[in-house]
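In what follows, a structure is listed as structure tokens, so that the remarks can point back to it.
The values are calculated or read from the model by the stated rules, or taken from the named source; none is laboratory data. Given the structure is predicted, the values throughout are model-derived calculations rather than measurements. Quick reminder, even Gly has a Cβ in these numbers, built from the backbone with ideal geometry, and neighbours come from all protein chains shown.
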Amino acid sequence: MSEVPDPFKAARGKCPVMHTEFQGEKVPMILRLKDVRDAARDWETYSSDAPMRVPFPSEEDVRTVRQYPLEVDPPVHGDYRKLVEPFFLRPKSPEMKAQIAALVERLVGEALERGPTEIVREFAIPLQSHALTYLLNVDEKEAETWIGWGVHVFKEGDGKSKGSFMERYCEDMFNQAAANPGDDFFSALNAADFQGRKLTMEEKLGYANIAFAGGRDTIIHTVANIIAHFGSNPADLKFVRENPDKIITAGEEIFRVYMPLTHIGRVCPLDTQVHGIDVKAGERVSLGWASANRDPEAFADPDEIKMDRRPNPHISFGYGPHLCLGAHHARAIMRQLITTLTKRVAQIEILESEDNIEREADYDRKVGYHRLKVRLVENTAK
């Protein structure tokens, strides 16, 4: 079995909380699975009603709108969520599954023909961008614009100017949809009734912001991590090829171990204690998703990657009322990618790689790749 290092192992073994620093701010990071789950459910103590401050690092300098429904609490959170849930359930439909299957088949086929392929730019970003057009039910040509936004709209290059460009782009899409309404994401938000009124442009831009920025880098990193994992661990690719009934468990295990989003923030509205650490009103707490996914109290041999792991109570899509809207989308892409790789690819040769490392005061964690060049070898025995 292959293993992936866990940067939180020592800290989690000593204490349920790591009191660390982000952007000069001391923040307690909750490390163990049960504690993270409890905090994610307790929105009154650990609030998401904190515009720009839910992500780490905070995003005051790169966007101007609150992300809906992420940065609001229940019960209003549920009302905001219902407006867009039909789009985020689309990946469960046969039509969108077929679209994703055709897309993955095309991209894998192109990589097989191309030879050496840089997975991040030539595969993962196009895959995420084209699949998002299916989710939002917009013209697929829009993907070409989104591909140019890179891995992360806010973190790559000049995030401030890119974030402003994205907001202007989205405002233009809402205006175009108002002039020519259809069945797309932008038209639906223009027409939506929220508590007896229409949404403001700020609210609509907040929804668009989460659609374009919230799940972008996480899917891109996960795609690259899957391909790199199978390249470094050919026995796992062979196992899933010979056991196609394990595609779902393999995907969930990849999500558990290669969780791209290390943690997320919450703000305490009142003075509180987090496992013995005093947190003043208005200060942040971190929910350590990646640490919780490696908790030995919940996962046997947590550092081992097991393609047939069951049960697998990972929280890579969050937990509680703010469970990730894009979970169905991410799962549909990853399951189809694993399916196609097992059918069409015999071997993945890693030619070059440059890790994408998240470096903080008390840990370094690999989240994906800046660059991953591989050669896919065709499976001639299919």
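Could you list all residues from the stretch 274-287 that are over 21 Å from Pro7 (Cβ atoms) and either exposed (fewer than 15 other Cβ atoms within 10 Å of the Cβ) or of a type outside the set (Val, Ile, Thr) (or both)?
Gly276, Asp278, Lys280, Ala281, Gly282, Glu283 - these are the residues of the stretch 274-287 that are over 21 Å from Pro7 (Cβ atoms) and either exposed (fewer than 15 other Cβ atoms within 10 Å of the Cβ) or of a type outside the set (Val, Ile, Thr) (or both).
Mind counting the residues in the stretch 134-170 that are at positive phi and at pLDDT 85 or above?
Residues meeting the conditions: 2.
Being surrounded by fewer than 17 Cβ atoms within 10 Å (Cβ to Cβ), touching a helix residue (DSSP H, G or I) at 6+ places or on another chain (Cβ under 7 Å) and either within 18 Å of His263 (Cα to Cα) or modelled with pLDDT of 95 or more (or both) is the requirement here; does Asp308 meet it?
Answer is yes for this residue.
So if I check each of Ala208, Ala290, Ala213, Ala235, which one is surrounded by fewer than 21 Cβ atoms within 10 Å (Cβ to Cβ), assigned to a helix (DSSP H, G or I) and out of contact with any Leu (no Cβ under 7 Å at 6 or more places or on another chain)?
Ala235
From the list Glu3, Glu105, Glu59, pick out the single residue that is exposed (fewer than 14 other Cβ atoms within 10 Å of the Cβ) and either at positive phi or not small (Gly, Ala, Ser) (or both).
Going through Glu3, Glu105, Glu59 in turn, the sole match is Glu3.
I'd like the full set of residues that are assigned to a strand (DSSP E or B), within 23 Å of the chain's Cα centre (by Cα) and crowded, with 16+ Cβ neighbours inside 10 Å, limited to the stretch 344-368.
Ser353, Asn356, Glu358, Arg365, Lys366, Val367, Gly368
Go through (1) exposed (fewer than 13 other Cβ atoms within 10 Å of the Cβ); (2) touching a residue at least 60 places away in the same chain (Cβ under 8 Å) and name the single condition Gln128 misses.
In the conditions (1) exposed (fewer than 13 other Cβ atoms within 10 Å of the Cβ); (2) touching a residue at least 60 places away in the same chain (Cβ under 8 Å), Gln128 misses (1) alone.
What residue, of Val65, Val138, Val153, is touching a Phe, Trp or Tyr at 6+ places or on another chain (Cβ under 8 Å), under 28 Å from Glu358 (Cα atoms) and among the β-branched types (Val, Ile, Thr)?
Residue meeting the stated conditions: Val153.
How about the stretch 293-332: which of its residues are more than 12 Å from the chain's Cα centre (by Cα) and part of a helix (DSSP H, G or I)?
Selection gives Gly320, Pro321, His322, Ala332.
To keep it simple, each residue is scored yes or no on (1) under 23 Å from the mean Cα position of the chain (by Cα); (2) within 30 Å of Ala192 (Cα to Cα); (3) not polar (S, T, N, Q).
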{"position": "Tyr207", "(1), (2), (3)": "yes, yes, yes"}
{"position": "Ala211", "(1), (2), (3)": "yes, yes, yes"}
{"position": "Ala224", "(1), (2), (3)": "yes, no, yes"}
{"position": "Gly231", "(1), (2), (3)": "yes, no, yes"}
{"position": "Asn243", "(1), (2), (3)": "no, no, no"}
{"position": "Glu252", "(1), (2), (3)": "yes, no, yes"}
{"position": "Pro260", "(1), (2), (3)": "yes, no, yes"}
{"position": "Pro269", "(1), (2), (3)": "no, no, yes"}
{"position": "Asp278", "(1), (2), (3)": "no, no, yes"}
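May I ask you to list pairs of residues, at least six apart or on different chains, whose Cβ atoms are under 7 Å apart, with the first in the stretch 75-91 being assigned to a helix (DSSP H, G or I) and the second being loosely packed, with under 14 Cβ neighbours inside 10 Å and polar (S, T, N, Q)?
Once the first residue is assigned to a helix (DSSP H, G or I) and sits in the stretch 75-91, its partners that are loosely packed, with under 14 Cβ neighbours inside 10 Å and polar (S, T, N, Q) give Asp79/Gln195.
Residues in the stretch 2-35 that are in contact (Cβ under 8 Å) with a residue 40 or more places away in the chain, over 22 Å from Glu59 (Cβ atoms) and not in a loop (DSSP other than H, G, I, E, B): how many?
Final tally of qualifying residues: 11.
Kindly indicate whether Glu71 is part of a helix (DSSP H, G or I) and among the acidic types (Asp, Glu).
No; evaluated as a whole, the condition is false for this residue.
Can you tell me how many residues in the stretch 21-51 are surrounded by 18 or more Cβ atoms within 10 Å (Cβ to Cβ) and modelled with pLDDT under 95?
Residues flagged as surrounded by 18 or more Cβ atoms within 10 Å (Cβ to Cβ) and modelled with pLDDT under 95 within the stretch 21-51 amount to 1.
Each row is one residue, and each column tells you yes or no for (1) assigned to a helix (DSSP H, G or I); (2) in contact with a helix residue (DSSP H, G or I) (Cβ under 6 Å, 6 or more places away or on another chain); (3) surrounded by 18 or more Cβ atoms within 10 Å (Cβ to Cβ).
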{"site": "Lys141", "(1), (2), (3)": "yes, no, no"}
{"site": "Trp146", "(1), (2), (3)": "yes, yes, yes"}
{"site": "Arg168", "(1), (2), (3)": "yes, no, no"}
{"site": "Met173", "(1), (2), (3)": "yes, yes, yes"}
{"site": "Ala178", "(1), (2), (3)": "yes, yes, no"}
{"site": "Lys204", "(1), (2), (3)": "yes, yes, yes"}
{"site": "Ile220", "(1), (2), (3)": "yes, yes, yes"}
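Could you identify the single residue in Arg371, Arg335 that is within 20 Å of the chain's Cα centre (by Cα) and assigned to a strand (DSSP E or B)?
Criteria check complete, one pass: Arg371.
Pick from Ser187, Ser93: which is exposed (fewer than 14 other Cβ atoms within 10 Å of the Cβ), small (Gly, Ala, Ser), more than 18 Å from Thr222 (Cβ to Cβ) and out of contact with any Phe, Trp or Tyr (no Cβ under 6 Å at 6 or more places or on another chain)?
Ser93
Output the qualifying pairs, or none if there are none: Cβ atoms under 6 angstrom, residues six or more apart or on different chains, first residue in the stretch 275-299 and closer than 21 Å to Glu21 by Cα, second residue among the acidic types (Asp, Glu) and assigned to a loop (DSSP other than H, G, I, E, B).
That search, which allows pairs on different chains as well, returns Lys280/Asp271; Ala281/Asp271.
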